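Inspection log for the structure reproduced underneath, given as structure tokens.
Computed from the coordinates by the stated procedures, all read-outs in this text should not be read as laboratory data. All values reported here derive from a predicted model rather than from experimental measurement. In this analysis, Cβ positions are derived from the backbone assuming ideal geometry, glycine residues included, and neighbour counts consider all displayed protein chains.
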Amino acid sequence: MSTIAISEAEFLALRDSIRERFGIFYDDTKQFLLQSRLQTRLLKTRMQDFHSYHRFLTTAPDREAEWGELASVLCNNETYFFRERAQLEVLVTDVLDEALKSGRRLRIWSSACSTGEEPFTIAMMLMETRRIAPAAIALKATDLSPRALEKASTGFYRELSFRATPPEMVQKYFRPFEGGFFINDEIKRMAEFSRMNLLDARSVATMGVHDAIFCRNVLIYFDKPTQKRVVEAFAGALRPGGYLFLGHAESIMRLTDLYEPVVTAKAIYYRRK
Ligand SMILES: C[S@@+](CC[C@H](N)C(=O)[O-])C[C@H]1O[C@@H](n2cnc3c(N)ncnc32)[C@H](O)[C@@H]1O
């Protein structure tokens, strides 16, 4: 199979449309990365070149379906159980304490959940505290990628997902099956998955108000104005004092004044003012 090459003009046109729709930004060094990620889409849509593919995406009557497919190939879906665990410790101490004191349900949103390891880790860690029942937890999990969500809904994982998982957690919450593991049904039922584009402010506004939002390892794919737009929209989906958890490599310190950064010895996170 020969590779179809992307010209600079095609690259610029496609990356602008992708940034506008999903926020994901391919800078000038990523021309060939985009070229390689889109090869399968050109084949599937039987387009001869990237110019035709871009025209298809912007004008074809059935373009929405193709945007859905594209969402699954644009981004790295890398994730694993118990990733950046120190932040999760804040969830099962401070965030949980405050929710229990208030008498309300604990409301959590894993907003770029990929294949589900993050929300399922949250569920396992909350169950480990033995301080709260599943019925007292509303755990939403959303992502842009239909493929990633499909995988999450199977609850089946292979070795790489367990690289940071304590063996006793595997023993307790998973069942071995043909070279991988199924997550147990109680944990699986706790997370409610749906598809969402974080740039879609209207959808974000319908999510309700949460005690904590996890948006880890996704802002790195966005440019600064998009990062600002997304985290400011989150402010409407967090209670005052609510917690925003980003990835280690992500900072919004100079981006917005809607949040107070909290820096501890082990974790950095943000609280809605
Ligand atoms: C590297 S994964 C991070 C997974 C998990 N949060 C973690 O930290 O392990 C990044 C995820 O962001 C999702 N994503 C990228 N752009 C998005 C957008 N505009 N709206 C929602 N999700 C998006 C991708 O589909 C991908 O699953």
* Structure fact -> Over the chain, the sum of -39500 (n - 2.57) across DSSP H runs of at least four, divided by residue number and rounded to 500 deg cm²/dmol, gives at 222 nm -12000 deg cm²/dmol
* Given the chain, what whole percent of its Cα pairs are spread farther than 34 Å? -> 23
* Structure fact -> Per the C-alpha gyration tensor (a ≥ b ≥ c, the square roots of its eigenvalues), the range 110-164 is rounded if a/c is under 1.5, else prolate if a/b beats b/c, else oblate; here it's oblate
* Asked: Roughly how tilted is helix 224-235, in degrees to the nearest 10 and between 0 and 90, from the longest Cα axis of the chain?
  -> 40
* **Mean-position separation - Cα centroids, the range 147-163 and the range 43-119, in angstrom** => 13
* If you line up the long axis of helix 117-129 against the longest principal axis of the chain, both from Cα atoms, how many degrees apart are they, to the nearest 10? -> 0
* Asked: Taking springs between alpha-carbon atoms closer than 10 angstrom, which of Ala99, Ala71, Ala237 fluctuates most in the Gaussian network model of the chain?
  -> Ala99
* Structure fact -> Checked against a 28 Å limit on the C-alpha separation, the offending pairs among Lys30/Lys188; Lys101/Lys266; Lys101/Lys228; Lys44/Lys151; Lys44/Lys228; Lys188/Lys273 are Lys30/Lys188; Lys101/Lys228; Lys44/Lys228; Lys188/Lys273
* Across the chain, where is the longest run that never hits GluC sites (Glu not before Pro) in a DSSP loop with at most 13 other C-beta atoms within 10 Å? -> 79-177
* Asked: Which FRET efficiency value, to the nearest 0.05, is calculated for Lys151 and Ala249 with the Förster distance at 22 angstrom and r the Cβ-Cβ distance?
  -> 0.35
* Quickly work out the Ala201-to-Val263 label distance, labels modelled 7 Å from Cα along the C-beta direction, and quote it in nm with one decimal. => 3.1
* To do: Please identify, among Leu43, Leu70, Leu149, the residue showing maximal mean-square fluctuation in a Gaussian network model of the chain using a 10 angstrom Cα cutoff.
  => Leu43
* Structure fact -> With the range 1-160 reduced to its Cα atoms and the Debye formula applied, log10 I(q)/I(0) at q = 0.12, 0.16, 0.21 1/Å amounts to -0.66, -0.92, -1.28
* What is the fewest-to-most order of Ser2, Ser203, Ser102 by other Cβ atoms lying within 10 Å of their Cβ? -> Ser2, Ser102, Ser203
* Taking a quarter of the surface of the Cα convex hull of the range 8-70, what do you get in nm²? -> 3.9
* Structure fact -> Percent antiparallel among DSSP beta bridges confined to the range 85-272, rounded to 5, stands at 40
* Choose one of Leu258, Leu100, Ala152: the residue whose Cα lies farthest towards the positive end of the charge dipole of the chain (beta-carbon charges +1 Lys, Arg; -1 Asp, Glu; about the Cα centre). => Leu100
* Distance between modelled label sites at Thr256 and Asp223, nm, 7 Å Cα→Cβ extension -> 1.9
* With charges only on Cβ, +1 for K and R and -1 for D and E, what is the dipole size of the chain about its Cα centre, in debye, rounded to 20? -> 520
